[in-house]
1. Considering all projection directions equally, how large on average is the shadow of the alpha-carbon convex hull of the chain, in square nanometres?
2. Can you divide the C-alpha Rg of region 26-83 by 2.2 N^0.38 Å and report the result to two decimal places?
3. As a check on your grasp of the helix formula, calculate [θ] at 222 nm for the chain: sum -39500 (n - 2.57) over DSSP H runs of n ≥ 4, divide by the residue count, round to the nearest 500.
4. Could you work out how far helix 13-24 tilts from the main Cα principal axis of the chain, as a 0 to 90 degree angle to the nearest 10?
5. With +1 on each Lys and Arg Cβ and -1 on each Asp and Glu Cβ, how big is the dipole of region 137-283 about its Cα centre, in debye rounded to the nearest 20?
6. Non-local amide H neighbours of VAL8 (under 5 Å, H modeled in plane, Pro and chain starts lacking H): which ones?
7. Protein chains only, probe 1.4 Å: how do ARG43, ARG52 rank by accessible area, largest first?
8. Could you give the radius of gyration (one decimal) and Dmax (whole number) of the Cα atoms in region 170-209, in Å?
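The values are calculated or read from the model by the stated rules, or taken from the named source; none is laboratory data. Predicted, not measured: the structure shown is a model, and the values here were computed from it. Cβ placement follows ideal geometry from the backbone for every residue including glycine, while neighbour counts extend to all protein chains displayed. Heavy atoms of the whole protein, side chains included, go into the accessibility calculation; ligands, DNA and RNA do not. Shrake-Rupley method; radii C 1.70, N 1.55, O 1.52, S 1.80 Å.
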Amino acid sequence: MEIARVGVVGLGTMGAGIAQVCLQAGLEVVGRDVSPELGERSRERIDHYLSRGVEKERLTQEDKDAALGRLSLVTELADLASCQLVIEAAFEDLGVKRELFGGLERIVQPDAILATNTSALSVTEIASATSSPERVVGMHFFNPAPVLPLVEVIRTAHTSDEVFDAAYAFAQRIGKEPVACNDTPGFIVNRILIPLLNDCVRVLDEARVTPESLDAAMTNGAGWPMGPCTLVDLVGIDVHVHASEALYEKLREPRMAPPPRLVAMRNAGLLGRKTGRGFYSYE
Ligand SMILES: NC(=O)c1ccc[n+]([C@@H]2O[C@H](COP(=O)([O-])OP(=O)(O)OC[C@H]3O[C@@H](n4cnc5c(N)ncnc54)[C@H](O)[C@@H]3O)[C@@H](O)[C@H]2O)c1
């Protein structure tokens, strides 16, 4: 089946980024969020990033206009009926995702592919909300989706080979570097990165060092492109704590559990870049 029109459900940080990647690859995108205002905000965000691309001569003004012309914004799930692939990037909540997949299965064509961008939930549990789990696959993009090349393409015990292969080929077609993996907690990158970042935060207290020193140690000593405190601020303290809790729940390894310091920051609303304060201040 030829994928020409892609639905993106949830147009927040990830959904807007995924929509932008698909638009730039020449696809029609139908973006769905719960209100027209949220949809409009995502259009503005995509417009902003494409305009920066025009300024930097990575694309032409005509390319940008054509890309935005391929985006339509809807609030009804039923408006995704003609999409051959739907990528879900709504809140990281199993109940929300299961309800969406149950609804989507009734709306799209029987051969349409349903993909979830979940970071730490089980793709299998999301798929089991449908009566056709063979067409459900994970497509885990990384933030910022227009910049980072990786897409983890996740197969459950039920995903058909045809659907898996089509999702993998689609990731390649939109210019990404897919890796195949199975539906295990945290897949590949988060399974490694989340406990590692938790260790980094614990070292802050154990070694009595500042975020600046820890970041300098890891960039200058371990060759990390960005220090761990800078990275957690970028990801969002709330997003990181939520993913840690989900992994801890599944694996019961102490390193997966969010360090109390991060939980306290989350509770205080110090969420990193998006709130202007986390380990660092962003005025
Ligand atoms: N932020 C990251 O670094 C990152 C990276 C990879 C994957 N993810 C995953 O991507 C998903 C989205 O994360 P995000 O950071 O973009 O969240 P976000 O909060 O920025 O956006 C979520 C969006 O989903 C919308 N939404 C909620 N319920 C909806 C529904 N029923 N229908 C349509 N839209 C709905 C919200 O209005 C919001 O716009 C999560 O599953 C998350 O785990 C996040």
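1. 15.2 nm²
2. So the Cα radius of gyration is 1.22 times the expected 2.2 N^0.38 Å.
3. -15000 deg cm²/dmol
4. 50 degrees
5. Numbers: 14 positive and 17 negative charges, 50 e Å.
Here region 137-283 has a charge dipole of around 240 debye.
6. VAL30, GLY31, ARG32, ILE87
7. On the way: ARG43 75, ARG52 100 Å².
Solvent-accessible surface, decreasing: ARG52, ARG43.
8. 15.7, 47
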